[in-house]
Amino acid sequence: MRRNLRIFTMLPAVSLLLVLSVASSASGQTTPGVTDSQILIGSCSALEGPSHTLGTQQIKGAQAYLNLINDEGGVAGRKLKLVAFDDSYDPAKTETCFKRLQEQNVFALGFFVGTPTAVKYLPMAEEAKIPLLGLFTGAQTLYTPLRHWVINVRASYAVETKEQVEGVWKMGYRKVGVIYPDDAFGAAVLDGVRNALKKKGAEPVAVGSYPRQTTDADAAIKNVRAANPEAVVIAGPSNTAGPILQKAHEQGWKPLFLTVSFVGTDDLILRAGADAEGMVITQVMPPYYLTDLKTVALYRKTLANYFPGEQPGFVSLEGFVDAMVLVEGLKRAGKDLTREGLIHGIESIHDHDLGLGAQLKINYSARTHAGLETVIPTVIRGGRAVPFTDWASVAPK
């Protein structure tokens, strides 16, 4: 049976009554959001606004896997229902969105997008003692210190930027610049680059910031370009990173440009076109076209089944994998499901093969909620992100 994704930016009256009915029946249970037949999962994500492709793709990937599990009978006989609200990747909308989810009496939270919003949600989830899993951000504040109610799946920006700095260092590059948005995401990437360079006894030769969710980066480009860096990390989602990359190329500035996985690789390629060629992007998931990998093949088949016509991509693959980790934790938590039980269930996952290749096995414990700690360097060639191991091969011609 095929199901279509419902993104509840504004719930219709009938759907609202249904969800409230579920919440009401769950309120009499020991565990919020859990009945004999259903587990309610809530999400706040970028479903509208300039970065909406990140949220909608992640939710579709997650929903595809949840649909698959439901059609196989659910978890311990319970079907998984995902209620997703929009926060537009806007920190100002986070409190309202979180409260809406609490009103639905959700059991757990998942599939959120972005650092500026995540830093708002973290204390809310911790105070409410609601598990929060699968955030599309690698900000270090999610990883250190350990947050009992927060479960990460993707590798951190610290891991991504370390890989980037190690790579350019192998190329003999010593002058690295950073262009970043003036928000928590930009600060997280800048800190990652700085920390990685510090271990080399170096620091960025120049940095330049621009207003978040804009392409007003002329001053940032001018400032960083003046230092003549050999490599430049551009932080931002595709709707800002793409135009910034194009502006730099229009001015004849072509150092090795790099960015982190948050950019949304496939949307960046669509937006920047030929200007995306040669850009290095560290990925936290393997390329979605590598169908020899068991889970990649399953993801593509499942996405095509439940969302026919939807193009596969890095972001929806990550949502799919996030949902896999959630379901594995629910299975390990057992029939008598509790929020604490879900956390313990996930903490029991050790050296677990997700079907993403030998280098991407997932590990949790009571001391770490990091999940994956490996990234895959890719370079845009022919409109596709291609993995590479030889950093000399990506030097600008």
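The values are calculated or read from the model by the stated rules, or taken from the named source; none is laboratory data. Note that the structure is predicted; figures quoted are calculated from it, not measured. No Cβ is skipped: glycine too gets one built from the backbone with ideal geometry, and neighbour counts run over all protein chains shown. In case anyone asks, the SASA skips ligands and DNA or RNA and just uses the protein heavy atoms, side chains included. Shrake-Rupley method; radii C 1.70, N 1.55, O 1.52, S 1.80 Å.
The alpha carbons of the range 105-247 occupy a box of 53, 32, 18 Å along the principal axes, longest dimension given first. Counting protein heavy atoms only, the range 58-101 has 44 percent of its accessible area on carbon and sulfur, 1.4 angstrom probe.
Remark: the M171-A297 segment gains 41.9 nm on full extension, using 0.36 nm per residue and subtracting the alpha carbon distance. Derived scalar couplings between HN and Hα for the range 72-80 equal 8, x, x, 10, 6, x, 9, 7, 9 Hz in order, rounded to whole Hz, by the Karplus curve 6.51 cos²θ - 1.76 cosθ + 1.60 (θ = phi - 60°), x for Gly and Pro.
Multiplying the residue separation of S365 and D351 by 0.36 nm and subtracting their alpha-carbon distance yields 4.0 nm.
At a probe radius of 1.4 angstrom, the accessible area of the chain per residue rounds to 39 square angstrom.
From the Kirkwood radius over Cα pairs of the range 230-340, Stokes-Einstein at 25 °C and 0.890 mPa s returns a whole-number translational diffusion coefficient of 152 µm²/s. Near V233, the amide H atoms lying under 5 Å from its own belong to G177, V178, I179, L258; only residues 5 or more places off or on other chains count, and H is placed 1.01 Å from N. In terms of the Cα gyration tensor, with a ≥ b ≥ c the square roots of its eigenvalues, is the range 44-99 rounded because a/c is under 1.5, prolate because a/b exceeds b/c, or oblate? Oblate is the answer for the range 44-99, as a/c is 1.5 or above yet b/c matches or exceeds a/b. Between H352, G74, I221, the Cα set farthest toward the positive side of the dipole of the chain (charges on each charged residue's Cβ, about the Cα centre) is that of H352. Pairs exceeding a 24 Å alpha-carbon distance, out of K175/K254; K200/K222; K60/K301; K335/K361; K294/K335; K129/K335: K200/K222; K335/K361; K294/K335. Let me know the Kirkwood hydrodynamic radius for the chain, please, with Cα pairs as the basis and the value in Å to one decimal. Averaging 1/r across every pair of different Cα atoms and inverting gives 21.3 Å. Under a model in which nothing but the beta-carbon of Lys, Arg (+1) and Asp, Glu (-1) is charged, the range 68-218 shows a dipole of about 520 debye around its Cα centre. For the range 150-220, the carbon plus sulfur part of the accessible surface works out to 46%, probe radius 1.4 Å. From its DSSP helices (H runs of at least four residues, each -39,500 (n - 2.57)), the chain gives a residue-normalised ellipticity at 222 nm of -13000 deg cm²/dmol. Working note: Cα gyration tensor of the range 177-297, eigenvalues times five, square-rooted, sorted largest first, giving semi-axes of 24, 18, 13 Å. Relative to the Cα centre, the charge distribution of the chain, modelled as +1 at Lys and Arg Cβ and -1 at Asp and Glu Cβ, gives a dipole magnitude of about 320 debye.
With the charge dipole of the chain set up from +1 on Lys and Arg Cβ and -1 on Asp and Glu Cβ about the Cα centre, the Cα lying farthest toward the positive end among the listed residues I376, G55, T137 is that of I376. Bridge orientation summary for the chain: considering DSSP beta bridges with both residues in this region, about 30 percent are antiparallel. Using all pairs of distinct alpha-carbon atoms, the Kirkwood hydrodynamic radius of the range 332-397 works out to 14.8 angstrom.
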